[in-house]
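S.K.: I have a structure I would like to understand better, so I am pasting it below and will then ask my questions one at a time.
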Amino acid sequence: MKTENKKYAMVIDTKLCVGCGACVAACKTENNVPDGRSRVWVAEEVSGTFPDISMEIRSERCNHCSSAPCVDSCPTGASHYKKGTVNLVMVNENRCTGCKACMAACPYDARFTVPEGYVSKCTFCSHRIEKGDSPACMAVCPAKAIHFGDINNRESDVSRLLRSRKSKTLLPENGTEPNVYYLV
């Protein structure tokens, strides 16, 4: 699958996500994520006052921001946008010095260092995307709460979902233009 001019997005349906952690396990296995680290995690947010309380469960990860502070702050260019995409944020482990400037710049706390010393993060499983497969987290989600695609394509699943339901992004006030959307 060619990635030319694609703007990838992930849409998570918070009404379907049950917090089972299948996305976390699939990501760790697919990407050989070291023990004690995670590219994907499940967050629970409780709001309201008893007896009017609500809880939102959502799968979180790197937001592949269109205006990514991690890319701007990287002194070596290790953090970069994948060629041919508008927003797929990658880390070149061979160029990464492990200085952690990108980690400090990321408002989503979506990066970590691996034992070898370089920084790692979610890649939306770019190796799978290149073969035409979906990200591992989406492929295993038993609730079908995770959707992925090119938001620039009006006919894509993610574009249709965003037109059909109210959605939000995390920390939009930071100006990062995140590309992980949560249907509410």
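S.K.: Is one or more of the residues making up segment 87-96 touching a residue at least 12 places away in the same chain (Cβ under 8 Å), β-branched (V, I, T) and touching a strand residue (DSSP E or B) at 6+ places or on another chain (Cβ under 8 Å)?
M.R.: yes
S.K.: Taking F124 and the conditions (1) in contact with a Phe, Trp or Tyr (Cβ under 6 Å, 6 or more places away or on another chain); (2) more than 18 Å from W41 (Cα to Cα); (3) among the aromatic types (F, W, Y), which numbered condition does it fall short on, given that it satisfies the others?
M.R.: Among (1) in contact with a Phe, Trp or Tyr (Cβ under 6 Å, 6 or more places away or on another chain); (2) more than 18 Å from W41 (Cα to Cα); (3) among the aromatic types (F, W, Y), F124 violates only (2).
S.K.: Can you name the residue in segment 34-62 that is in a strand (DSSP E or B), touching a residue at least 40 places away in the same chain (Cβ under 8 Å) and not polar (S, T, N, Q) and, of all such residues, is surrounded by the most Cβ atoms within 10 Å (Cβ to Cβ)?
M.R.: R58
S.K.: Return the total of residues in segment 83-95 being under 18 Å from the mean Cα position of the chain (by Cα), assigned to a loop (DSSP other than H, G, I, E, B) and either among the hydrophobic types (A, V, I, L, M, F, W, C) or modelled with pLDDT of 95 or more (or both).
M.R.: Residues meeting the conditions: 3.
S.K.: Of all residues in segment 52-68, which are under 16 Å from V180 (Cα atoms) and either charged (D, E, K, R) or over 15 Å from the mean Cα position of the chain (by Cα) (or both)?
M.R.: E56, I57, R58, E60, R61
The values are calculated or read from the model by the stated rules, or taken from the named source; none is laboratory data. All values reported here derive from a predicted model rather than from experimental measurement. For neighbour counting, all protein chains shown are included, and Cβ atoms are generated from backbone atoms with ideal geometry for every residue, glycine included.
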